[in-house]
Each structure stands twice: as structure tokens, then as C-alpha cells.
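Worksheet for the structure shown next.
The values are calculated or read from the model by the stated rules, or taken from the named source; none is laboratory data. This structure is a prediction, so every number in the text was calculated from the model and none was measured. Here Cβ is always computed from backbone atoms with ideal geometry, including for glycine, and neighbour counts include all displayed protein chains.
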């Protein structure tokens, strides 16, 4: 009597743990990106960016709550400076996010291409869980898309015809997606560094 063949794949379970490939010798531009000079430059640029965001944001806040009414008694003048502040903040955030968008698209493309995945894993060593890595990459892509929608609304419409609810909704979504990705990378990075330090300490003992 013939028997039904046993499906050998039925017992295979999905394992979301990633095994990192061996590291290759970095090129000169990668060495520069990992150098102390580049890190200092990034910190200086981030400080300048944060100072500008805080300065223009505080100006908008003071005008909105009426602190600047004595210096700006005219309502049209106040609206004009609020618009200028919003455009400057939008421009700074847009430059920062758009500058990272090509790398985000590249990482997402490499994630779904097996032959490119080793290069991706070298850039994202903070987690070995492929599910979390996928969530982070998609959050970064959504952050770029939402900010692009905000920029289009801000630059294609004047302050009197622009629907602010679109700016507020997509600006909020951009903020949430960006904060989620950044916070996840920070937490997983700290965990990975602590684990690596513990492994080095245990190896030095033996």
C-alpha cells in the first residue's frame, strides 16, 4: 500500500535572529565617516540646528501667547513672523530628513535583497532581530514621506489658503515615526554595547 510522503517542511519554525557576516576592510570614505573629525562636525551641525529650531520655535510661541504684542502691535506683522518662523523650521527639518532619505531608501532596498543584506547588517549592528530592523527601516521611510507632504503643503500654498490640519496631522505623524525609529536605535544600541562590554569582560577573566 502506498503511503503519503511526509512534509519535511512542516516542522520548520521562523527564526528572526540575524547572523552578522564577517567584516570587510573599510574604504577611505568610510574611515572618514567613522573618524573623530566627522563626528565633531556632525555634533557642531546638530548643535546649530537645535539652536535654530529652539530659537524660531520660541519666537513663534511668544508671538502666539501675546508676549510680543508690545513690540508687534499689528496683527498682520505677527502673522507674517509666525509664517516666517514656520517656514524656517520646516526648511531645517526638511533638509535634515531629505539628506538622509537616499540612505534610507538604499537600506530598505538592501533589506529585501539577500545579496545586499550583508552590507545592510554592517550598518545596523544595534539589533539582531530582523523584525525590529524592518520596523525601524519602514519608520524612517514613513518619516521622510510625511515630512515631504508637510513641505509640499508649506511651499505650495500661502498662509491664508493653507489647511493647517494637514500640516499638523502629517507633521505629527512625521514626528512620531522619527522619534520611534531614533529611540529604538538608541535603546538597541545601548543594549548591544552593554552586551559587548560584558562579553569582553568575561573573556578577559578566562
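Of note:
- Look at the stretch 56-75: where a residue is under 26 Å from residue 93 (Cα atoms) and a partner is part of a loop (DSSP other than H, G, I, E, B), sitting 6+ places away or on another chain with Cβ atoms under 9 Å, you get 59/68; 61/67; 62/68; 63/69; 63/72.
- Qualifying residue in the stretch 115-135 (condition: touching a residue at least 40 places away in the same chain (Cβ under 8 Å), touching a strand residue (DSSP E or B) at 6+ places or on another chain (Cβ under 7 Å) and farther than 25 Å from residue 47 by Cα): yes
- Here residue 175 does not fit the description of being in contact with a helix residue (DSSP H, G or I) (Cβ under 6 Å, 6 or more places away or on another chain) and either closer than 20 Å to residue 86 by Cβ or modelled with pLDDT of 95 or more (or both).
- Close pairs (7 angstrom Cβ cut-off, 6 or more residues apart or separate chains): touching a residue at least 60 places away in the same chain (Cβ under 8 Å) in the stretch 154-166, loosely packed, with under 12 Cβ neighbours inside 10 Å anywhere: none
Each row is one residue, and each column tells you yes or no for (1) part of a helix (DSSP H, G or I); (2) surrounded by 18 or more Cβ atoms within 10 Å (Cβ to Cβ); (3) in contact with a helix residue (DSSP H, G or I) (Cβ under 9 Å, 6 or more places away or on another chain).
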{"residue": "71", "(1), (2), (3)": "no, no, no"}
{"residue": "76", "(1), (2), (3)": "yes, no, no"}
{"residue": "85", "(1), (2), (3)": "yes, yes, yes"}
{"residue": "89", "(1), (2), (3)": "yes, yes, yes"}
{"residue": "92", "(1), (2), (3)": "yes, no, yes"}
{"residue": "98", "(1), (2), (3)": "yes, no, yes"}
{"residue": "107", "(1), (2), (3)": "yes, yes, yes"}
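- Some residue of the stretch 128-140 being exposed (fewer than 12 other Cβ atoms within 10 Å of the Cβ) and either in contact with a helix residue (DSSP H, G or I) (Cβ under 7 Å, 6 or more places away or on another chain) or under 30 Å from residue 88 (Cα atoms) (or both): no
- Lone unmet requirement of (1) within 29 Å of residue 194 (Cα to Cα); (2) part of a helix (DSSP H, G or I); (3) in contact with a helix residue (DSSP H, G or I) (Cβ under 9 Å, 6 or more places away or on another chain) for residue 122: (3)
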